[in-house]
Amino acid sequence: MEDWPEWLVEGLNKRFDELSLTVEQQEHIAPLVEKSSKLLSDLKSQMDDSAQGILLEWEDAVQYQQSAEKEWLYLRGVKDGMGMIKEIKLLLKENQLEF
């Protein structure tokens, strides 16, 4: 994305952050979030402090990894979408049609 203007990258990142905040509230995802939160809570309640520390560190690492993957997929989708629009416009122009 180094060839994209900074304002566009910032705007895309802001939109990604907004979507990330609302995804857990989606009807089909909310029960999954609740279940995983309960399982994690149950697991933590049965662990000693040392194991809980390792679990928390692992949880942070997984969340960072998942965020990086989601951001990459989102930006790749935007780039692909922009490429498709460019090609469709070119095709329409070559065939003297309007967009």
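Structure notes:
- Residues of segment 73-99 that are open to solvent by less than 80 Å² (accessible area, probe 1.4 Å) and either under 16 Å from LEU19 (Cβ atoms) or polar (S, T, N, Q) (or both): TYR74, LEU75, GLY77, VAL78, GLY81.
- For segment 23-30, the count of residues that are touching a residue at least 12 places away in the same chain (Cβ under 8 Å), in a helix (DSSP H, G or I) and surrounded by 11 or more Cβ atoms within 10 Å (Cβ to Cβ) is zero.
- Pairs linking a residue in segment 81-99 that is closer than 28 Å to LEU12 by Cα and of a type in the set (Phe, Trp, Tyr) to a residue that is in a helix (DSSP H, G or I) and at pLDDT below 90, with Cβ atoms under 6 Å and 6 or more positions apart or on different chains, are PHE99/LYS89; PHE99/LEU92.
- Single condition LEU19 does not satisfy, out of (1) in a helix (DSSP H, G or I); (2) at pLDDT 90 or above: (2)
- Verdict on ALA61 being under 25 Å from ASP3 (Cα atoms), of a type in the set (A, V, I, L, M) and modelled with pLDDT of 90 or more: no
- Residue count for segment 31-72 satisfying the condition of being more than 20 Å from the chain's Cα centre (by Cα), among the hydroxyl-bearing types (Ser, Thr, Tyr) and surrounded by 11 or more Cβ atoms within 10 Å (Cβ to Cβ): 0.
The values are calculated or read from the model by the stated rules, or taken from the named source; none is laboratory data. Predicted model only: the values in this text are computed from it and were never measured. Note: ideal-geometry Cβ built from the backbone for every residue, glycine included; neighbour counts use all protein chains shown. Each accessible area value is taken on the protein alone, full model and side chains, heavy atoms only, with ligands, DNA and RNA left out. Shrake-Rupley method; radii C 1.70, N 1.55, O 1.52, S 1.80 Å.
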